[in-house]
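First up is the structure itself, then whatever we jot down about it.
The values are calculated or read from the model by the stated rules, or taken from the named source; none is laboratory data. Being a predicted model, the structure only gives us computed values, none of them experimental. Neighbour counts are summed over all protein chains in view; Cβ atoms, including those assigned to glycine, are modelled from backbone coordinates with ideal geometry.
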Amino acid sequence: MKRKAFAKAAVASMLIGTTMVGCTGAAFRPAAIAPQHDPDRLAANVEKALADRDGARAVELAEAAVQAAPQDVRYRQLLGRAYVADGRFASAETALSDAMTLGNRDARTIITLALVEVALSKDRAARDLLANHADIVPAADYGLAMAMAGDAPEGVRILSEVIHDPSATARTRQNLAYAYALAGRWKDARMMAGFDLDPLAANQRITQWAQNAAPGLSQQRVAALMGVTINGADAGQPVVLALAPATTPAQMAEAVPVEQAVSAAQTVETAPVEIAAADPAPQPAVAEASAPMIQAIATPVRVAAPHQASSVRAAQPARAPQSARIQQLAFRPSGKGGSNWVVQLGAYDNAAIAKEKWYAMARRNGALASLPVLTSQVTVNGATLARLAVGGFDDRAEAMALCHAVKARRGQCFVRENVADATPQRWALATRGRQYASR
């Protein structure tokens, strides 16, 4: 299958933007570009090389920028993009991981690193990366990346919901079609692809996907999707660019004047020393992302601070508690609930099953029992499903916080806007007076 045709077949703007090209690898030559050059100017030239689809040149410039400013996260991320454009997945994994170590958490970096890990046959690592940053990655991209990472059913599940969102586009539907193909559901893939393509083009697309669908061709699938040529000569990122811990200048002890030392020696009484109370444990916070629809599975936790005595007789180092008590993140709604945002908990064959699932969820998470339950119908591949959701949120951030707590208990959910035909369920009101034990 031709790389260009396949790249067009799987439409995914999430990937690398203008960094797609296959070129031969270039060894690191620090003498080629002097590291004393302005790294910002080098970075601008990297972007130009990427736009010109010159992967080898982009790598050369990006390596020089990183050598000039090794602790700058921007240049590490740019180097990762350059390696991808040059088809060097092993090097890209190192550079993008370094960027995340330095604090980069944007969706492009996460998606690109996940796909690079898929290309390196590290599917589990890719899925963990996506799940732990699902509050950052847009749902359409999350679903396709999950399917690429070996969890095609999860990708289909997410994308089947996303296509019903008002913001869904043809790209979203084609992502779902490709996820169906990766799941082996070729009839569904053909049907979904046909929503935006004429019959001949849809058949050609399915044929192209089938030619590269074998389990051992993950690297080829990623390369085709990214529009690059695999560089078999990739020996990894040069050692000279390895990320080292940031160093801080050592501070010399200030000499004490002789007069001050004598005065201190003659002091009869010594002021009592008090130990400063330990800072309170950080409270977990859920940051609101710009446009994600899925909440992160990884949950911040709070560690109980050790008991502090009211007074301390002698100065001694503060001691850590023998065992830290991990507290579950609790969701506490404000009680206003004037927004149109809801948290969808699932879609089931009928309303009876949705009701049964609701009671099971409420037993696991008492916060759900205090929220109004909404059901609505949706048709997916000719089947009518009952969608189960909860509302009553002030804004999207509050809905995201609940979904975050649900996923912390291994539940599934995502945030969306409510639909006009949603029906409040009175049977859920009976749960509000009950006290459910949290697992």
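So that you can scan it fast, the table gives a plain yes or no per residue for (1) surrounded by 20 or more Cβ atoms within 10 Å (Cβ to Cβ); (2) of a type in the set (Gly, Ala, Ser); (3) outside the structural domain of residue 386 (by TED's automatic domain parsing); (4) in a loop (DSSP other than H, G, I, E, B):
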site	(1), (2), (3), (4)
158	yes, no, yes, no
165	no, no, yes, yes
204	no, no, yes, no
229	no, no, yes, yes
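Checking 108, 3 one by one, the residue that is of a type outside the set (Phe, Trp, Tyr), more than 26 Å from the chain's Cα centre (by Cα), closer than 30 Å to residue 168 by Cβ and at pLDDT below 95 is 3 and no other. Tallying residues that are over 28 Å from the mean Cα position of the chain (by Cα) and among the basic types (Lys, Arg) within the stretch 339-373 yields 2. Counting the residues of the stretch 382-409 that are assigned to a strand (DSSP E or B) and either farther than 13 Å from residue 347 by Cα or at pLDDT 85 or above (or both) gives 7. Per the listing 437, 428, 422, the residue uniquely over 14 Å from residue 134 (Cα atoms), at pLDDT 85 or above and not charged (D, E, K, R) is 422.
To keep it simple, each residue is scored yes or no on (1) under 20 Å from residue 406 (Cβ atoms); (2) aliphatic (A, V, I, L, M).
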site	(1), (2)
123	no, no
129	no, yes
139	yes, yes
146	yes, yes
150	no, no
160	yes, no
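Checked against (1) at pLDDT 90 or above; (2) touching a strand residue (DSSP E or B) at 6+ places or on another chain (Cβ under 8 Å); (3) not aliphatic (A, V, I, L, M), residue 161 meets all criteria but (1).
Quick test for you: out of 224, 244, pick the one residue that is among the small types (Gly, Ala, Ser) and farther than 22 Å from residue 100 by Cβ. Result: 224 is the single residue among 224, 244 that is among the small types (Gly, Ala, Ser) and farther than 22 Å from residue 100 by Cβ.
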